[in-house]
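Quick note: the coordinates plus some simple rules give every number you see, no bench work behind them. Note that the structure is predicted; figures quoted are calculated from it, not measured. Virtual Cβ from ideal backbone geometry, glycine too; neighbours counted across all protein chains shown.
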DNA sequence: GGGCCGTTTGTTAACGTTCACAGTCAGGCC
DNA sequence: GGCCTGACTGTGAACGTTAACAAACGGCCC
């Protein structure tokens, strides 16, 4: 592989010989040990520079038992939410001095998660972040104690591990209460897939807000996060006559709903008010610009690494639980009833 | 760290003792060497199972000099294009038996790319995929021969390394020719940031198609891929009177353009036709559904791993160049002039 | 001058694999 | 019977680093 240039890469011993010291002294310089004479240190650094030496992290990991790598398990990183979260995780990890190894799952079943975790543990990661938005994934995680610090993102009650998540229930409430405050009799809901904890939380928040206001909760329409499923739900809603307010569980489906309404001649917000969830970069430019609930994915990613690193370096055993509040973003897709 | 259970993890020697063989025989079983008596193999496997032994990949990497990990350098994995590409890369890599370590850059400058590459090489990756859509990144890549197999995605002419990319020029042509064929006198263009090779390719394709048809190319309006920049370009375009056809360099900006047009009372496609680029999942549900040029990001990711693995395992030294053609997707945002 | 302590350095042994080589054993052939 | 061959197994030495311990040295105090 490195056959092109016959000379092998320099190792610590080469540096040691060049600097006229022992390899251990080189190691000490590299690891900032205090007891090295500054003149010696300078000579070593010079030798390192001259030979173009780079320390072999694999050998280091073998003896220290720390690879300096964190594992991330995620589901469909094509979706805006997971993608943003993983992005936040990666940046936070790197600035904390860790590498990130990623496994993206296409479907989340027990075996898939189990494999992904084994895969990462085998590779020698120091800790793991699992973006586990599905009930099944969270449960799997709860079941298998894997003897390695782990943080679940959006992981519900996930057993023994730490959890960082956005308060989905509060988000659902926020959306619903806003619509009720505008004078709507009730609020319809297009939900995410029932297996997703996020979808479930939003349903709960929606239902709670309705109950608190003494309103009947209509039967929610189930979607799968995709614009198409929102579109189909939108067609159903457009054909009903008493619908004046809809809370859609994410912005992509809300786009589909808006499209269906437009096609059917239902005007938003004049006839029906619509609220989304996520605040993707596009939603400000929908027709009409979408009122929505913003999730701070970046913060979620950052916090998950903070928790993990604290566990890794501080050695705290307690299981933390960190909740990030969602925020309400008013645009023009909602109006008085 | 593993302090909770005092017992240390079993190693090869433990398995060997349990099975009554030498550690080397265990190694042979693990690596599917042919010359092991099947009865011995069974005994070893049984011991492995009994002890719950897992091979230490770090130790293995130290001696074989292969970590089984590929590095990926990418820019802003929040954008749909990079996110999808990285997703494709990850899946392809895993099914080829490799792990993936990711570094996401916030901004791409020479130092950033250089650091990211060093970082990955230090970690001992076997090969690297750089998603380098910006001219500066591609150039950096071209400059530094890093003695490790590398593939550039969207990397232009990138020096000595292999390149996998979508034919952006063809895409720009496709979009422009479609609009011209509908009878439009000329086609305006909202471009991506000038430092991006993709943006540049689309401009070239657009200009070439216009020239070939003997039309004057208007001055392109510069965007930054964001819906907002598209919105601003859209406002400018709406204020001009001779604009009947616009080719927008990505779907997100096209959404902004559509929004601006709607606000200004410009009807699409009746008064102005709009074509986007990428075919993000949302664009089918824009108002109106967007005619666009589809990029197969998944294929790009897959191919980049194919090329890399071929280089890694086949040992071919030649620099491949693989171009994925874009496809035209007709929806309803375009109509006869 | 002797003993002790702190700083600096070197020596040796891990870490858990794979590789190179050397056995051992049975069977086949002359 | 002796020798060769092929299948199977074991032994020792890497790989490149850090950890543990030991040694050398100077300074300080009594």
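What the table shows:
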{"quantity": "From B:16, B:83, residue being within 16 Å of DNA strand D (Cβ to nearest atom) and farther than 21 Å from residue A:115 by Cα", "calculated": "B:16"}
{"quantity": "Some residue of the range A:263-271 being surrounded by fewer than 24 Cβ atoms within 10 Å (Cβ to Cβ) and in contact with a strand residue (DSSP E or B) (Cβ under 8 Å, 6 or more places away or on another chain)", "calculated": "yes"}
{"quantity": "Evaluation of residue A:122 against (1) more than 10 Å from chain B (Cβ to nearest Cβ); (2) without any contact (Cβ under 8 Å) to a residue 24 or more places away in the chain (one fails), failing number", "calculated": "(1)"}
{"quantity": "Residue match in the range B:137-151 (condition: more than 15 Å from the chain's Cα centre (by Cα) and under 30 Å from residue B:270 (Cα atoms))", "calculated": "no"}
{"quantity": "Test: residue B:83 is more than 16 Å from DNA strand C (Cβ to nearest atom), assigned to a helix (DSSP H, G or I) and away from chain A (no Cβ under 12 Å)", "calculated": "no"}
{"quantity": "Residue identified as out of contact with any helix residue (DSSP H, G or I) (no Cβ under 7 Å at 6 or more places or on another chain), at negative phi, more than 8 Å from chain A (Cβ to nearest Cβ) and within 16 Å of DNA strand C (Cβ to nearest atom) among B:40, B:25, B:64, B:69", "calculated": "B:64"}
{"quantity": "Failed item in (1) in a loop (DSSP other than H, G, I, E, B); (2) in contact with a strand residue (DSSP E or B) (Cβ under 7 Å, 6 or more places away or on another chain); (3) within 14 Å of chain B (Cβ to nearest Cβ), with residue A:253 passing the rest", "calculated": "(1)"}
{"quantity": "Among the candidates A:233, A:238, A:245, A:299, residue that is over 28 Å from the mean Cα position of the chain (by Cα) and farther than 16 Å from residue A:176 by Cβ", "calculated": "A:238"}
{"quantity": "Selection count where residues are within 9 Å of chain B (Cβ to nearest Cβ) and in contact with a strand residue (DSSP E or B) (Cβ under 7 Å, 6 or more places away or on another chain), scope the range A:125-152", "calculated": "3"}
{"quantity": "Residue tally, condition surrounded by fewer than 19 Cβ atoms within 10 Å (Cβ to Cβ) and within 14 Å of another protein chain (Cβ to nearest Cβ), over the range B:233-244", "calculated": "1"}
{"quantity": "Hits in the range B:43-60 (condition: under 29 Å from residue A:120 (Cβ atoms) and more than 9 Å from DNA strand C (Cβ to nearest atom))", "calculated": "B:44, B:45, B:46, B:47, B:48, B:49, B:50, B:51, B:52"}
{"quantity": "Residues (within 13 Å of chain A (Cβ to nearest Cβ) and either over 23 Å from the mean Cα position of the chain (by Cα) or without any contact (Cβ under 8 Å) to a residue 12 or more places away in the chain (or both)) located in the range B:262-280", "calculated": "B:262, B:263, B:264, B:265, B:266, B:267, B:268"}
{"quantity": "Residues of the range A:183-214 that turn out to be surrounded by fewer than 16 Cβ atoms within 10 Å (Cβ to Cβ), over 21 Å from the mean Cα position of the chain (by Cα) and over 23 Å from residue A:260 (Cα atoms), as a count", "calculated": "6"}
{"quantity": "Output for the range A:94-113, where each listed residue is within 20 Å of residue B:69 (Cα to Cα) and more than 11 Å from chain B (Cβ to nearest Cβ)", "calculated": "A:112, A:113"}
{"quantity": "Unmet criterion (only one of (1) touching a helix residue (DSSP H, G or I) at 6+ places or on another chain (Cβ under 9 Å); (2) without any contact (Cβ under 8 Å) to a residue 60 or more places away in the chain; (3) part of a loop (DSSP other than H, G, I, E, B)) for residue A:225", "calculated": "(2)"}
{"quantity": "Selected residue (criterion: farthest from DNA strand C (Cβ to nearest atom)) from residues of the range B:28-37 that are surrounded by fewer than 13 Cβ atoms within 10 Å (Cβ to Cβ) and either under 30 Å from residue A:64 (Cβ atoms) or under 40 Å from the mean Cα position of the chain (by Cα) (or both)", "calculated": "B:34"}
{"quantity": "Test: residue A:259 is within 28 Å of residue B:280 (Cα to Cα), in a helix (DSSP H, G or I) and within 13 Å of chain B (Cβ to nearest Cβ)", "calculated": "yes"}
{"quantity": "Looking only at the range B:283-297, and only at residues there that are within 12 Å of chain A (Cβ to nearest Cβ), in contact (Cβ under 8 Å) with a residue 24 or more places away in the chain and crowded, with 24+ Cβ neighbours inside 10 Å, the one that is nearest to residue A:285 (Cα to Cα)", "calculated": "B:286"}
